[in-house]
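Taking it in order: structure first as structure tokens, then the write-up.
The values are calculated or read from the model by the stated rules, or taken from the named source; none is laboratory data. Computed from a predicted structure; not experimentally measured. Here the Cβ positions follow ideal geometry from the backbone for every residue, glycine too, while neighbour counts run over all protein chains shown.
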Amino acid sequence: MKPVRETWIDYARGIAIILVLYRHVFEGIKNAGIAVERYLFIEHFNIMFFSFRMPLFFIVSGIFVESSLKKRGITGFVPTKVKTILYPFFLWGILQITIQLIFSKYVNSNRTIYSYLDLLYAPRAIDQFWYLYALFNVSVLYAVGVAAFKLKPVVNILIGAVLYYISTAAHQSNIGLGFLGDILHYYIFYSIGDFFSNAIRKKENRQYFESWKLLGLLLVPFFATQYYFLKQNLLHPYAGYEYVEYYQPILFIAIALLGCMFVLALSFFLQKLKAIPWLHVLGSHSLYIYVSHVIVLAAVRIFITKVLGIYNVPLLLILGIGLGLLIPVLFYKATCQFNMRWLFTLEPYGKKHADPTILATEQSISR
């Protein structure tokens with residue numbers, strides 16, 4: 001019997017991965033020297049999405065840590081994370097650096113032979129890959145704490161709050177923490193996901209999460225806090241549009257959680273309606289899109305601008321996002337057809353003990 005799939009998680013990840021590509025496509029356009037001043041609204045959306053996009057990924061992952069630990073135990077949990085997160089992190093990180101070195105005249109990144117070492121201690125220097133390294137480390141540390149010390153979610157939230165404060169204090173003092181900074185910064189969101197896991201996944205509560213009333217209730221506070229986040233960051237551009245996150249940390253957590261609640265409520269509502277099926281397909285392939293999209297985006301942007309001579313920013317944004325989502329999904333499906341799935345994961349295809357987060361991909365392929 002096939003497991004019942006909670007498609008809301010795919011909708012949530014689908015929304016999140018689109019927002020990730022929105023930022024990376026727009027930043028790529030700016031870094032390529034293409035004028036974007038006429039399109040301030042695009043820049044403003046880019047800033048607002050930054051308020052909850054990455055916390056959402058960590059919260060969603062935290063929601064499933066308890067069930068994964070119960071199914072595998074710590075001795076199975078860690079190897080699974082190595083095969084599904086750490087392995088593609090190193091494989092695609094090395095591949096991306098190599099391509100950027102070969103095509104250094106055409107890409108925005110400034111790579112050297114020493115960039116490979118950045119994957120170990122400064123992954124933020126390698127574009128999008130910091131997230132996978134942080135997610136792996138946070139997941140393993142959290143699981144060890146639960147398995148070895150029986151830490152409850154509420155205790156982990158308190159630990160996460162302390163770690164978060166340390167990360168913001170270090171940032172304000174210009175103290176570089178390397179990859180440790182991301183662990184400190186996002187541990188609290190992973191903990192929050194675990195804390196609310198039972199309430200979110202409980203079948204009896206589904207009617208409340210899927211209700212349009214909850215979505216409507218969150219609508220005004222969501223847009224109000226997004227507007228505040230935008231205005232504060234615009235008033236303090238010296239902080240790199242991270243003023244609220246690092247100089248108003250408590251408020252940032254509240255804004256991020258409200259943004260995540262809104263996306264989760266929207267995801268449950270879409271699950272109820274069974275609407276926009278392609279969105280949850282994207283979500284089920286979010287990891288594969290994430291590791292490969294920067295390579296795709298660079299190739300698409302270079303082709304459109306250098307070959308076709310198109311420099312219209314909105315068009316570049318739309319084409320970049322669309323192809324940046326589509327091509328990785330098609331490429332992943334091709335690897336499955338040709339028994340080359342090892343390019344993305346070492347987890348066996350169709351494994352009975354696959355993570356809930358992995359089962360989405362298996363089922364979307366079989367459909």
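Against the numbered list (1) aliphatic (A, V, I, L, M); (2) under 16 Å from the mean Cα position of the chain (by Cα); (3) farther than 25 Å from Ser67 by Cα; (4) modelled with pLDDT under 95, Ile358 comes up short only at (3).
I'd like the full set of residues that are touching a residue at least 24 places away in the same chain (Cβ under 8 Å) and under 24 Å from Lys83 (Cβ atoms), limited to region 136-168. Steps first, please.
Quick first cut of region 136-168, residues touching a residue at least 24 places away in the same chain (Cβ under 8 Å) only: 136-144, 146-148, 153-154, 156-157, 159-161, 163-165, 168.
If the condition is that a residue be touching a residue at least 24 places away in the same chain (Cβ under 8 Å) and under 24 Å from Lys83 (Cβ atoms), then Phe136, Asn137, Val138, Ser139, Val140, Leu141, Tyr142, Ala143, Val144, Val146, Ala147, Ala148 are the ones that fit.
Do you know which of the residues in region 38-79 that are basic (Lys, Arg) and surrounded by 16 or more Cβ atoms within 10 Å (Cβ to Cβ) is farthest from Cys260 (Cα to Cα)?
Arg72
All of (1) under 25 Å from Ile157 (Cα atoms); (2) within 17 Å of the chain's Cα centre (by Cα); (3) at pLDDT 95 or above hold for Tyr22 with one exception: (1).
Those helices (runs of 4 or more DSSP H) of region 266-340 in which at least 2 residues are within 29 Å of Tyr133 (Cα to Cα), in contact (Cβ under 8 Å) with a residue 24 or more places away in the chain and aromatic (Phe, Trp, Tyr), considering only elements entirely within it, cover 286-302, 313-337.
Does region 87-102 contain at least one residue that is among the hydroxyl-bearing types (Ser, Thr, Tyr), touching a residue at least 12 places away in the same chain (Cβ under 8 Å) and not in a helix (DSSP H, G or I)?
Going through region 87-102, the residues among the hydroxyl-bearing types (Ser, Thr, Tyr) turn out to be 87, 98.
Add one more test, that the residue is touching a residue at least 12 places away in the same chain (Cβ under 8 Å), and what stays is 87.
Filter again for not in a helix (DSSP H, G or I), leaving none.
Within region 87-102 (the criterion being among the hydroxyl-bearing types (Ser, Thr, Tyr), touching a residue at least 12 places away in the same chain (Cβ under 8 Å) and not in a helix (DSSP H, G or I)), the answer is no, since none of the residues qualifies.
Going by the conditions given, is Phe26 in contact with an Asp or Glu (Cβ under 9 Å, 6 or more places away or on another chain), aromatic (Phe, Trp, Tyr) and assigned to a helix (DSSP H, G or I)? Working first, answer last.
Values: in contact with an Asp or Glu (Cβ under 9 Å, 6 or more places away or on another chain): yes; aromatic (Phe, Trp, Tyr): yes; assigned to a helix (DSSP H, G or I): yes.
Here the answer is yes, as Phe26 does meet what is asked.
The C-beta contact set for region 189-213 (first residue more than 13 Å from Gly62 (Cβ to Cβ), second residue among the β-branched types (Val, Ile, Thr), distance under 8 angstrom, 6+ apart or interchain) comprises Phe209/Ile200.
Among the residues of region 267-289, those identified as touching a helix residue (DSSP H, G or I) at 6+ places or on another chain (Cβ under 7 Å), farther than 11 Å from Leu325 by Cβ and either surrounded by fewer than 20 Cβ atoms within 10 Å (Cβ to Cβ) or aromatic (Phe, Trp, Tyr) (or both) are Phe268, Phe269, Ile276. Candidates in region 237-263 are the residues that are at pLDDT below 95 and in a loop (DSSP other than H, G, I, E, B); of these, the one that is surrounded by the most Cβ atoms within 10 Å (Cβ to Cβ) is Tyr241.
Which helices (runs of 4 or more DSSP H) sit wholly inside region 153-222 and have at least 2 residues that are more than 21 Å from the chain's Cα centre (by Cα)? Quick ask: steps written out before the conclusion?
Numbers: elements: 153-172, 179-195, 197-201, 206-209.
Those helices (runs of 4 or more DSSP H) span 153-172, 197-201, 206-209.
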